[in-house]
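**Student:** Sharing a structure here in structure tokens format.
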Amino acid sequence: VVRGPDGAYYVGQLTGFPFTPGSAKVFRVRPGGQPQVVADGFTNVIDVAFGPDGCLYVLEISARGLTSGDPTGALIKVNHDRSRTVVAEQGLEAPGGLTIRGHYAYVSNHGTSAGGGEVVRIPLH
């Protein structure tokens, strides 16, 4: 959950078993209002954040689905026109958290590996 530049809350959906690729959404929630889907087609959303450009960034713990056996995650930028750009995928393995400071995303990586975790810095071009 993150508070957006518009003051609303944005909630990423991890989804449950069978973790179908493309079934996760991001919702916009205002107190007293109904949740609205603002972006969909994601797989296993684990975190969301906003960049300095006001664009939404979505972190997937597994870009191909948690039951796929492939631990590769993805950081995806949702542009203002709702198009998407994959910012990073290579080297992201079971990422677990995201924060953005300045023009960099900081992602906790190897979130399911005991003793193998790290934080990676990813430039936001």
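The values are calculated or read from the model by the stated rules, or taken from the named source; none is laboratory data. Small disclaimer: the values here were computed from a predicted structure and weren't measured. Neighbour counts are summed over all protein chains in view; Cβ atoms, including those assigned to glycine, are modelled from backbone coordinates with ideal geometry. Accessible surface areas use protein heavy atoms only, side chains included; no ligands, DNA or RNA. Shrake-Rupley method; radii C 1.70, N 1.55, O 1.52, S 1.80 Å.
**Student:** Around F42, what is the net charge, scoring Lys/Arg as +1 and Asp/Glu as -1 over all other residues with Cβ under 10 Å from its Cβ? Numbers along the way, then the final one.
**Tutor:** On the way: positive: K25, R84; negative: D40, E60.
Here the charged neighbours net out to 0.
**Student:** Find the percent of Cα-Cα distances in the chain that exceed 25 Å, and round it to a whole number. Kindly include the intermediate steps, with their values, before the conclusion.
**Tutor:** Numbers: 1471 of 7750 pairs.
Roughly 19 percent, rounded to a whole number.
**Student:** Given a Förster distance of 35 Å, report the FRET efficiency between H103 and V11 from their Cβ-Cβ distance, rounded to the nearest 0.05. Mind dumping the intermediate values first?
**Tutor:** Working: r = 25 Å, r/R0 = 0.72.
Efficiency, from the Cβ-Cβ distance: 0.90.
**Student:** So what are the ³J(HN,Hα) numbers for the range 38-46, from phi and the Karplus equation (6.51, -1.76, 1.60; θ = phi - 60°), rounded to whole Hz, Gly and Pro as x?
**Tutor:** 9, 7, 9, x, 8, 10, 6, 5, 10
**Student:** Moving on to the next point. With θ set to phi - 60°, apply the Karplus curve 6.51 cos²θ - 1.76 cosθ + 1.60 along the range 61-69 and write out the HN-Hα couplings as whole Hz, x wherever there is a Gly or Pro.
**Tutor:** Whole-Hz 3J(HN,Hα) from phi for the range 61-69: 5, 8, 6, 10, x, 5, 9, 6, x.
**Student:** Also, quick follow-up: Non-local amide H neighbours of L124 (under 5 Å, H modeled in plane, Pro and chain starts lacking H): which ones?
**Tutor:** Those lying under 5 Å, H to H, from L124 are Y104, A105.
**Student:** Next question, about the same structure. How large is the accessible surface per residue of the chain, computed with a 1.4 Å probe and reported in Å² as a whole number? Show your work: numbers first, answer last.
**Tutor:** Working: 6620 Å² over 125 residues.
That works out to 53 Å² per residue.
**Student:** If you don't mind, there's one more thing I want to ask. Over the range 28-123, what percent of the accessible surface lies on carbon and sulfur atoms, probe 1.4 Å? Before the final figure, lay out each step's value.
**Tutor:** Numbers: 2360 of 4900 Å².
Carbon and sulfur together cover 48 percent of it.
**Student:** Can I ask one more? Hey, can you rank 7-20, 28-41 by average C-beta count inside 10 Å, highest first? It would help to have the intermediate numbers written out before the result.
**Tutor:** Details: 7-20: 14.9, 28-41: 12.3.
Most protected by this proxy first, the peptides run 7-20, 28-41.
**Student:** Applying the Karplus parametrisation 6.51 cos²θ - 1.76 cosθ + 1.60 with θ = phi - 60° to the phi angles of the range 17-23, what ³J(HN,Hα) value in whole Hz is obtained for each residue in order, glycine and proline being reported as x?
**Tutor:** My calculation for the range 17-23 gives 4, x, 6, 4, x, x, 9 Hz in order.
**Student:** Over the heavy atoms of E93, what accessible area does a 1.4 Å probe trace out, to the nearest 10 Å²?
**Tutor:** 80 Å²
**Student:** For the range 1-58, what value does the Rg/Rh ratio take when both radii are computed over Cα atoms and Rh is the Kirkwood radius, given to two decimals?
**Tutor:** On the way: Rg = 11.5 Å, Rh = 11.7 Å.
Over the Cα atoms of the range 1-58, Rg/Rh equals 0.98.
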